[in-house]
Amino acid sequence: MRKSLNVIYQYILKPFFFLFDPELVHDLITFVGKTIAVIPGGQKLTRRFLRYENPILEQTIHGIHFTNPVGLSAGFDKDCNLPTILPDVGFGFMQVGSVTLKPYTGNPKPRLFRLKKSLGIVVYYGLKNIGVDKIIEKFMKMNVDNQFPISMSVAKTNSKDTCDTQQGIEDYTECLEKLVINDVGDFYTINISCPNTFGGEPFTTPVRLTKLLKSISAVKTDKPIFVKMPINMPWLDFKKLIEVCIKYRMTGVIIGNLNKDHKSSTIKDSIPEHIKGGISGKPTEALSNDLIAKTYLEYGSRLTIIGVGGIFSAQDAYEKIKRGASLVQLITGMIFMGPQLIGDINRGLSKLLVADGYTNISQAVGSYYHSSK
Ligand SMILES: Cc1cc2nc3c(=O)[nH]c(=O)nc-3n(C[C@H](O)[C@H](O)[C@H](O)COP(=O)(O)O)c2cc1C
């Protein structure tokens, strides 16, 4: 069955989807996912075909139980439509958003471009989302499986009004406070690295990040808070941001966001000058892997790492785990390989762990740098 699903996706569904605008396909898939979740038996059937379970993949991290380490990364479910179907697809957790204090319709369309040769997507959404109030309202009406951790990804409203540092900080903080007060989400992510916004990425300097995290850490919550990091920074600059995260007792970092360099050697398609946006998928992989390893080696005892970028197989996910990621996330791999990829990764990871002599995935985290198992 697994092999048939792969063949159906590669030879029928993907060629069909790739005939249309990526955002249109994304909206269609979201609609299908939402619909399956409410059709009687829809979740059960999806689970039967797609989800893979194995106790070797289970971990409890900062008090949260993860049935497997593979999460949906921020940006696929911006408006909180899919929390009830994603556990059945096979994910171990997800990120909703990025969510902002005020709604925003996003940058002008078209704002997604496939890079078929490079196995990536140029993303120019500009933090489109329905805003935190509506997301809270929607989430509270949903019957979400309490075995399925959800992280709410918080970003700064994309508007000229939030370009000023202080206004930006207040915007982030108020958005987080609303989620905390309403007890929405199992953990939070502060996204400081969205490239497609008014004013760019102001909080990727140590001075401004200090101000932001000072305000964020004053929000009273027992839930873990992660910071979503940029990946186009030299290590010495990146490291300064990591130190600010540690100073303000962030639980961990997500490494990382989109690749902003259109001239990256991993990009095999020619991208016309007028196309703006960050690049996902394979062009992020090496940058992210390198930063995961360096962060783990120097700060692994103080920060939990979630690894993201270019995961298209169990081997790709395992590489991030062995470099120090406790959990992984993806989007683009699923678009290029199909929804059965999540089960395939979990199945493959289980085999890789057994082959390496581990009895639980947590033993493999950072294993490249452990002297013994
Ligand atoms: C369509 C799309 C929208 C995205 N939107 C967000 C977002 O709102 N917030 C965020 O933190 N990252 C966003 N990202 C970045 C992803 O979460 C992820 O970090 C990046 O795509 C690398 O993972 P991948 O190669 O598995 O796609 C987006 C990515 C894609 C493809």
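Confirm whether V180 is touching a Ser or Thr at 6+ places or on another chain (Cβ under 7 Å), modelled with pLDDT of 95 or more, assigned to a loop (DSSP other than H, G, I, E, B) and not small (G, A, S).
Taking the combined requirement at face value, the residue does not satisfy it.
How many residues does segment 236-261 contain that are more than 24 Å from K276 (Cβ to Cβ), in a strand (DSSP E or B) and aliphatic (A, V, I, L, M)?
Matching residues across segment 236-261 total 1.
Within segment 302-314, is there a residue that is within 29 Å of V7 (Cα to Cα), in contact with a Leu (Cβ under 6 Å, 6 or more places away or on another chain), within 16 Å of the ligand (Cβ to nearest atom) and among the aromatic types (F, W, Y)?
Within segment 302-314, none of the residues are within 29 Å of V7 (Cα to Cα), in contact with a Leu (Cβ under 6 Å, 6 or more places away or on another chain), within 16 Å of the ligand (Cβ to nearest atom) and among the aromatic types (F, W, Y).
Do any helices (runs of 4 or more DSSP H) lying entirely in segment 272-373 carry at least 2 residues that are buried (at least 21 other Cβ atoms within 10 Å of the Cβ) and among the basic types (K, R), and which ones are they?
Details: elements: 282-299, 314-323, 332-337, 341-355.
Counting at least 2 such residues, we get 314-323.
Out of curiosity, is S265 open to solvent by 10 Å² or more (accessible area, probe 1.4 Å), at pLDDT below 95, over 16 Å from the mean Cα position of the chain (by Cα) and away from the ligand (no atom under 15 Å from the Cβ)?
yes
Check whether at least one residue in segment 224-235 is under 27 Å from G281 (Cβ atoms), away from the ligand (no atom under 14 Å from the Cβ), outside any loop (DSSP other than H, G, I, E, B) and open to solvent by 40 Å² or more (accessible area, probe 1.4 Å), and report yes or no.
yes
Do any strands (runs of 3 or more DSSP E) entirely within segment 55-161 hold 1 or more residues that are free of Cβ contacts under 8 Å to residues at least 24 places away in the same chain and of a type in the set (S, T, Y), and if so, which?
Output list reads 59-61.
The values are calculated or read from the model by the stated rules, or taken from the named source; none is laboratory data. None of the values given here were measured: they were computed from a predicted structure. All Cβ positions, even for glycine, are placed from backbone atoms using ideal geometry, and neighbour counts span all protein chains on display. Ligands, DNA and RNA are excluded from the accessible area calculation, which covers all protein heavy atoms including side chains. Shrake-Rupley method; radii C 1.70, N 1.55, O 1.52, S 1.80 Å.
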